[in-house]
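Here's the structure we're looking at; comments come further down.
The values are calculated or read from the model by the stated rules, or taken from the named source; none is laboratory data. All figures in this text were calculated on a predicted structure; none of them were measured in a lab. Quick reminder, even Gly has a Cβ in these numbers, built from the backbone with ideal geometry, and neighbours come from all protein chains shown. The protein model used for the area step is the full one, side chains on, heavy atoms only, and it has no ligands, DNA or RNA in it. Shrake-Rupley method; radii C 1.70, N 1.55, O 1.52, S 1.80 Å.
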Amino acid sequence: QFAQRFGINYRIVMGTNEAVEAFGGLEGYPTTFIFDRTGKLAQRHVGYRPREVFEQEIETLLRH
């Protein structure tokens, strides 16, 4: 409902503690994990980042 309400058109997941620990844990909120097409962790951000940061990283991943 949240994603629909705010027009979010990308996948959002809620991870388990085990999944979070597998990718370096949480040092703060929000923590954003960006994965490539193969499921490999490509970027990890702790704290706020402007939208443009994510757009640039995702566009780069989509080109490869």
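List of remarks:
- Largest to smallest principal axis extent of the C-alpha atoms in segment 17-64, angstrom: 31, 25, 9
- For the chain, applying the loop criterion from DSSP together with a ceiling of 15 other beta carbons within 10 Å to the GluC sites (Glu not before Pro) yields GLU27.
- Considering only alpha-carbon pairs that sit under 8 angstrom and 6 or more positions apart, the relative contact order computed for the chain is 21 percent.
- Area accessible to solvent at ILE12, 1.4 Å probe radius, in Å²: 90 Å²
- Efficiency of FRET between ASN9 and THR60 - r from beta-carbon atoms, R0 30 angstrom, step 0.05: 0.95
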